[in-house]
1. Cα to Cα, under 16 Å, and not fewer than 8 places away if on the same chain: which aspartates and glutamates meet these conditions relative to LYS45?
2. If one takes the longest principal axis of the Cα atoms in the chain, at what angle in degrees, from 0 to 90 and to the nearest 10, does the Cα axis of helix 102-112 lie?
3. Relative contact order of region 3-266: what whole-number percent is it, with Cα pairs under 8 angstrom and at least 6 residues apart?
4. Go through 51-58, 91-98 and give me the packing order, highest mean Cβ count within 10 Å leading.
5. Using helices alone, what [θ] at 222 nm do you get for the chain, with -39,500 (n - 2.57) per DSSP H run of 4 or more residues, divided over all residues and rounded to the nearest 500?
6. Bin by bin, in steps of 5 Å, what percent of the Cα pairs in the chain do you find, going until the bin that has the longest distance?
7. If you put +1 on each Lys and Arg Cβ and -1 on each Asp and Glu Cβ, how big is the dipole of region 1-147 around its Cα centre, in Debye rounded to 20?
8. I'd like the orientation of helix 52-62 relative to the chain: the angle between its Cα long axis and the longest Cα principal axis, in ° from 0 to 90, rounded to 10.
Amino acid sequence: MKNRPQVSTVLMYVLLVPVCVFSAFPFFWMICAATNRSSDVIQGKVFIGPYLIENIKTMLATVNLGQAFLNSLRNSLLGTLISLFVCSLAGYGFQIYRDKGRDKLMAILLLSMMVPFASIMVPLFRMFAYMQLLDTTLGFILPSISTAFLIFFFRQSAVSFPMEIVQAARVDGLGEFSIYTRVFLPIMAPTFAAAAIVTFMNYWNSYLWPLIIMQSQESRTMPLLLAGITAGYTIDYGLLMLAVTICTLPTVILFFTQQKRFVAGVLGAVK
């Protein structure tokens, strides 16, 4: 009987180690490719090379990486903060306030997830062009500040939120918005962390809408910069992989620094 946990642990590692290696290999290959010449990447070289400095010099001379990185970082951070505030407030309201039509309204919101973005892309562009929001941060983030997925995510997480705390806060004289900011936000911190990671990644990796609305070189984001590198007749794969590595760093850092809260938020934990 004592050997059973040990056997199960060994089997678990036997299964998980190959899966981890298989999952991490593309990242390792990406880093190796960033340190090699384009010809070495095409030949499939999977070793750290001596051409990292040369690729960095080529990148600085050919593309405006710093501007694109700052544009993506600004748009993603601002969009994430606004989306978390709007969607968490809506999810909180859906769960805390009882109304006969709230479930029907939530069903309509969930049905909106079935509408493909391509079907509303043209009218959105015409509307934003009329409002003179092309090439602006507001135009970048406005279509995504409120999503049915995030509202539903916050509502489902709020199901486990203790209503007794809300009622006690009302008895103590706190207003509804103060209850949201001083009671709901601190308790639901894991949920906010999970939602922040997902939202930041969506903004950071957004390509189709920025391609349409960001029309100047100065407003390009990282995905548009990467697409520009691959648009030539010949592709410098060492330069491309270096830019991809830099583009990947913010999301990797965000996930690994918030992974515990991410898991707790996805599981609906309330601390």
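1. Output for LYS45: ASP236.
2. 20
3. On the way: 254 pairs, mean separation 85.6, N = 264.
Relative contact order of region 3-266: 32 percent.
4. Values: 51-58: 15.0, 91-98: 16.9.
Averaged packing, sorted descending, gives the order 91-98, 51-58.
5. Helices in the chain give a 222 nm mean residue ellipticity of -22500 deg cm²/dmol.
6. The percentages, shortest bin first, are 1, 5, 10, 11, 13, 13, 12, 11, 9, 7, 4, 2, 1, 0, 0.
7. Values: 11 positive and 5 negative charges, 93 e Å.
Computed about the Cα centre, the dipole is about 440 debye.
8. The angle comes out near 80 degrees.
Since every read-out is calculated from the coordinates, none of them should be taken as a lab result. Please read these numbers as outputs of a predicted model, since none were measured by experiment. Positions of Cβ are backbone-derived with ideal geometry, glycine not excepted, and every protein chain shown enters the neighbour counts.
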